[in-house]
Amino acid sequence: MGGGDGHGMTFKGITVHQPKRWHSVTGKGLCAVMWEPYGAQILPAKADVVPVNVPGRGSLGMAGGILGKAMAMVMTIRYVVEAAAGLAMNSDILCDENEKNALIKFRQGFRDPSQSMIMSSWMVEENCCNWKGVECDNTTGYVITLDLHQQFLQGEFGTYLLGLSHLRHLDLSQNDFLEALFPDFICKFKYLEYLNLHKTKFRGSIPECLGNLSRLQLLDLGDGLSLRVDSLEWIQHLSNMRILDLSGVDLSNAKNWLHDINFLRSLVELRLSSCQLPKLLPVFVNFTSLQVLDLSLNYLDVPFPSWLVNTSSQSLVYLNLKRSLLHGLLPNTAFGNMYSLRVLDLSDNSIRGKLPSFENMTSVTSLDISRNSLGPLARSIAQLRQLVVLNVAWNSFNDSITEHFLNFSDLRMLDLSSNSIILNITATWMPPFQLDIIGLMSCQLGTQFPQWLHTQKDYSFIDISHGSISNEVPDWFWSLSAKVQHMNLSLNYFRGEVPQVTSRLDSLEKLDLSQNNFSGPLPHFSSKMKMLILSRNSFNGAISPVCESLVMNNSLMFLDLSFNNLSGTLSDCWRYGNNLAVLKLGYNNLSGEIPHSFGYLETLRYLQLKNNRLSKNLPSSLKNLQGLKILDLSGNCLSGKIPSFLGETSQNLLVLLLRKNKFDGNIPLQICQLKNLIILDLSSNSLSGTIPKCVKNFLMMAGVEELPSLVYGPYEEYRKDVALMLKERGYDYSFAFMAVIDLSDNHLSGEIPEEITTLVQLQVLNLSRNNLTGAIPCKISKMQSLEALDVSWNRLSSFLPSSIVELSRLEIANFSFNSLTGKIPIGGQFLTFENSSYIGNPDLCGMPLSKSCSGHFLEDITHCNSPKKKDVQAIHQHEEDNWLDESSFYISMVIGFITSFWLFWATLLVKTSWRHSYMRYLNKMGNNIYVFVAIRLPNKHKPSKMKD
């Protein structure tokens, strides 16, 4: 066996390498617990103390040590002696030369094998059986173990390994094989008992031929986020399997996954986290040997699995069903048979109702049932005396808890947050524990500061926000724990000054004192501070303490000083703010220019300076903020033209708010380059010119790209700012996400461009209080997401397009004080609007106005057929031209008739011969007609007489 690599143990001076998780396979190892977000992961024990990592809450070293000891099984001396004896004999065995060459060629497939602590020690002239990570059979000299785990190498998985035909143990975990297809030739290692390819970045389908490796006891393909399996039927043949980890592998098509795995009667550890497991189908399961079960982060979509209630759960030590879509009530006997359970994680599901009894689970050290709808808190929890972690946050508990309930001597993490729990604890209580994590958000702690916290001197995380605590924070609190990293006292009624705690809290990374009544100057902070939130207090004075704390190599990423009474100029001291992602200084009394040193904030994503007294032009250095997503400078005295670089260099902008300033000139066309823009507010300035037709380039508003959510993620807080902005504008309306254009209260002229109707995702459009003319675009009905439309106080004319009633989501509409004409369209949301939406348009008629539309001019002509006033005038002119042509025709006829008539008779009077000839012609015609009638009429009457 090769030499130790830091993952072994020493026995009588001999270091024995312990392959990852191999102890669990043999049943001779020991296990410890490393905490992950809302869950835990069983790992091979490497020491008494294992760090416990909670996201945003520091490390929990002592808790890990206690858990490690609680779950340890001591390795037998016989195993150590056998391993040591094997090592002694191994040194006398020469490796096969062909296998040595195969290992050398395999090493050559990596980009830089010299970085590997194992491979860099492989000397060609030495016996390969003595190489680190290599173990040979004591009799034949064939390589039976290749262990290169956690070498973080990059390269190809070469077929040279086929030269190691007697391989039993292969561990290449946490190396990068560059998303190569999963190697099918692994199936040819027929002697394999241990195969660990955890975090190796293979992709594609896992071959079914793995089912031919009948000796396999451990198979770890975990974190295979690019791997998939369509069926697990092949796994039924691996009857010796004891540890199976397919975490991250896509099993969405493996409908009978539980039925197939049920054939593995010797299974001890099963990890199928994040496998997209389909709905759990009813099946009889009998995992009598199972100790570790992790089905977290899946789509089981069932109540608590019934098979866990039967005898299958008696051997369970670790159970993780976090975020697996469990729902319904927990059975009363859910935990009745789990006598051996140490770790239980049911967090982030939809489980409701009462908690079952925990009286048979006295060995539990970690209980996480957070983010469900459970309640009340079971009194049997108090019997779990070995608890190290208790997390019941974000449930429906409304219990009153006394100190007798919290009698846990080993407790290191206590999270009761976001419930309605009342801590009814006496001022003299001395807790038996020393907490590392204190989560009491929204718990009723009383009006006085909790005195029992005086005894807690080793915490790294504390949250007592929203606790209705008043008065001043006692001075002893600021120096209780030197290792505190996260402190949240927000949403209380604390008052007084915050001391200069830089030297006391040197490890502090996040401090949230927002929404209290703190006053006095800003406190200094250490270079380790990452997040400082002091908003909505009464801090006063200059911003200089921030400048003095922004030293070189500081860690500050989030700074929120908004809603205070800070004054003075905004100092030019931001050269070392190169880690800042969020800077909020709004709602203060800061004055002067925006400092040029803001250009050094190249990692900034959110800049909010609204409602101060900042003046002059925007500095050109802002063009360096190319990653900026939200820029809010509204409510200041900034002037000049809107710089074109906002569109040229800040193309990641999602939100641009410049309202209530003194900007003038035209809207720069470069603004249209902000294709990701979802909120544009340039209202209440002195802008002139026309609305650019290139607004169609706002691709998110146009629906070409998906709108981001402002409910969750980094923009969640900004959603509140947007809601406040809308409320200030008179739109008391809430939106899940926003898409807004507000150009109101400027001097814009010209027509509303028809291109604006391509913004089909736009929800708020405000063009009011400008000098816009023409008509409302007839294609406005395409804007089906529109919820608020304001075009009031302009000079718009013509008719309201009849198709506008198709805007089914429209909640707010204002067309008042324009020159609109015609009948108000009827239907849809337009049945809900009142008179105030139309007043100031004397030529409008119809409901809800009192003016009727009877006999109204051109009532039958629709707006889209005559969109402009000049077109209406053209129709009038055309009708007038037609009337004139027709009149001329009839007048010509009359004149011609009169002229011909008098010319004929005048000729007869003058010419006697013509007159006599004309009279003879008339006499002759009269005689002929008489003869014709006299002959014809008697003949017609003859038949009737004969008949008679």
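Brief remarks on what is shown
- Protection proxy ranking, peptides 912-922, 584-594, 244-254, 686-696, average beta carbon neighbours within 10 Å, highest first: 244-254, 584-594, 686-696, 912-922
- Shown here for the stretch 416-503: trypsin sites (Lys or Arg not before Pro) in loop regions (DSSP other than H, G, I, E, B) with at most 14 other Cβ atoms within 10 Å, namely Lys457.
- FRET E, pair His259, Leu178, Förster distance 35 Å, beta-carbon r, rounded to 0.05: 0.50
- Here Asn589 and Asn517 are evaluated by their C-beta separation; at R0 = 25 Å the FRET efficiency comes out at 0.85.
- The gain in end-to-end length when the Asn360 to Ser538 segment is fully stretched comes to 58.8 nm, 0.36 nm per residue minus the alpha carbon separation.
- Filter on Lys530/Lys660; Lys616/Lys641; Lys100/Lys199; Lys322/Lys483; Lys322/Lys510; Lys782/Lys851 - keep pairs with C-alpha separation over 21 Å: Lys530/Lys660; Lys100/Lys199; Lys322/Lys483; Lys322/Lys510; Lys782/Lys851
- Maximal additional length on extending the Ser479-Trp905 stretch stands at 140.2 nm, based on 0.36 nm per residue less the C-alpha distance.
- Summed residue charge, Cβ within 15 Å of Glu648's Cβ, Lys/Arg positive, Asp/Glu negative: +3
- Fully extending the segment from Ser917 to Ser400 would add 172.6 nm, taking 0.36 nm per residue of separation and subtracting the current Cα-Cα distance.
- Ordering of 772-781, 340-349, 206-215 by burial proxy (mean other Cβ atoms within 10 Å per residue, highest first): 340-349, 772-781, 206-215
- Inter-label distance, nm, simple model (7 Å from Cα along the C-beta direction), Asn471/Glu648: 6.1 nm
Any read-out appearing in this document is the output of simple, stated calculations on the displayed coordinates, not a laboratory observation. On a predicted model such as this, the values are computed, not experimentally measured, just so you know. When we count neighbours, we look across all protein chains shown, and the Cβ atoms used for this are built from the backbone with ideal geometry, even at glycine.
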